[in-house]
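Novice: Take a look at this one; I'll ask things after.
Read the figures in this text as sums done on the coordinates, not as results from a lab. Only a predicted model underlies this, so the values are computations on that prediction, with no experimental measurement involved. Please note: Cβ atoms are built from the backbone with ideal geometry, for glycine as well, and neighbour counts cover all protein chains shown.
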Amino acid sequence: MELRVRVSNVDNSPAMCFDTGLDPRSFARTKMSQSLIEPGYIVNADGSHDVWKASGVNDTGGSMRVYGPEFQGKRLDLLLDEIPSPSTGNQEALKAVTAWIKAKMFLGETRSALNPGASFVSPDGGVFFAPEYLSNRCLYLEGILQDPYNCPDLLGMNASAFCAGLMLYKIFSGVRPFSGAEIYQDMREGIFLPVNFAVPELNDNLAGLIRDALLLPLDKKRFSKKGGNLKSGVDILTNLLDILSGKEPLFAELPDEKIEQIEKEKRTFIFRQNFSVKTGRFVSANRFLLTGVAIGLLFAFFVIFSMANSAASRQTTAGMTSEKVVSVYYDAFSSLNHDLMEACVQGAGKQDIAAAVNLFAVYRQRQVYEMTSKIAVVQAKVWKAGGGELPAPDVFGVTDLTLKHMGGSESEGLMFYRADYNLWSPTEDYVRVRGDNLTLKLDKKKNWRIVEIDRDER
């Protein structure tokens, strides 16, 4: 990888150089010349600081390079990439990050570059923060397409604390807690392996501060669920400096049993977190589809529940004798109660039920048109009991019903009846004289049902 932010020679003198990768025309067209007035900062170990300004631009092999005063130090991201010691971490990088934290606190809310690739740290603890826009352009050309040490949602000291926590995680564990294509989403959701699992021997207070720093992008509700102690970026940086600059040991020896226990907890944590993340992101990515499926399932449950409820409340012939079933059938026919008629029959009476349904629909429609709740059809037996005068345009039903048992036995589950009756209809100006031969059987629930109606009419 070619470094585009580095110390190089300009006119035989060392200088801080920023290779923009632009030819002269592109450099002018993109107004990169404005970067000449963008400030950088040099923060000394005693807290004093100076503004760094570019000195000029030169053409090196067709590429425009911005340069300025030299700063003797190492680039922080390169120090972070060095392999740490299992017992002490990367001591040079640790000292550099400690100096970086101090420099950020000395600058306070003064905006300065956060990307470690834009920071150089000297052996005496001085820190150079390169011009932010200019350095980000150069780091992008180096292949750093995403800043792996910073969350774009944070500002000010919270952003500095997050970056510091992430760099310390890298120093002690050798890996970054966030990586991959979904790095920023993981930062925003606090998806990482806690440093106390990655480095069990690490000082508990230091591990807790690193965790608190990495949870800063979360809102308060989610922060508390992750087990962090809600602190400001300033508080976190101050406490980190107290530990890093003090005499408290950063590592502790742990017995093998404790390490085995932590390893088990680590595996459980990783399993639960992976399951939670995959489930949550699948739901988020397919929320419209899942909403549709949920609505469909709710509708299906509603239909099933309605059918079950309807079946539970459906009328039956339970407890009725065979003769009672026959009389109820003709009474239901007269009152247009097609539900009860269906309960009385099993494969028979289709014409009667259809006639009752059609007549019920006609009279119900009349009620709607005439805007009345008054029953429009009169049962024939009620009409006859009141004198039975003709004409009777709204009279329907059975009168003069006589039933006769023709054979069969209840023990055999088969009964035969003869029903003679008169049928009055509002669509006819005469009475129908009918005789029905009915066959009844016990159904699976041991209820009597009419299975056949053999009719003669005159």
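Novice: Does anyone have the angle between helix 204-214 and the longest principal axis of the chain? Alpha-carbon axes, 0 to 90°, nearest 10?
Specialist: 70 degrees
Novice: Right, here's the next one. Say the cut-off is 19 Å between C-alpha atoms; which of 350/446; 95/170; 31/74; 74/95; 102/247 go over it?
Specialist: Over 19 Å Cα-Cα: 350/446; 31/74.
Novice: Could you pull out every one of the aspartates and glutamates with an alpha carbon less than 12 Å from that of residue 384, ignoring same-chain neighbours closer than 8 positions?
Specialist: 400
Novice: Order these by the 10 Å Cβ neighbour count, fewest first: 175, 7, 97, 398. Intermediate values should be presented prior to the final figure.
Specialist: Details: 175 12, 7 17, 97 25, 398 21.
With the fewest neighbours first, 175, 7, 97, 398 line up as 175, 7, 398, 97.
Novice: Sticking with this one: Longest exposed-loop-site-free stretch of the chain, with GluC sites (Glu not before Pro), DSSP loop and at most 15 other Cβ within 10 Å?
Specialist: Values: sites that count: 2, 82, 109, 182, 253, 389, 410, 412, 428.
My reading of the result: 254-388 is the longest stretch.
Novice: Can you sort 74, 53 from fewest to most other Cβ atoms within 10 Å of each residue's own Cβ? Write down the numbers at each step before the final one.
Specialist: Numbers: 74 16, 53 13.
Fewest-to-most ranking of 74, 53: 53, 74.
Novice: What does DSSP give for the chain in terms of the percent of beta bridges that are antiparallel, rounded to the nearest 5?
Specialist: Values: 58 of 61 bridges.
Antiparallel bridges make up about 95 percent of those DSSP assigns within the chain.
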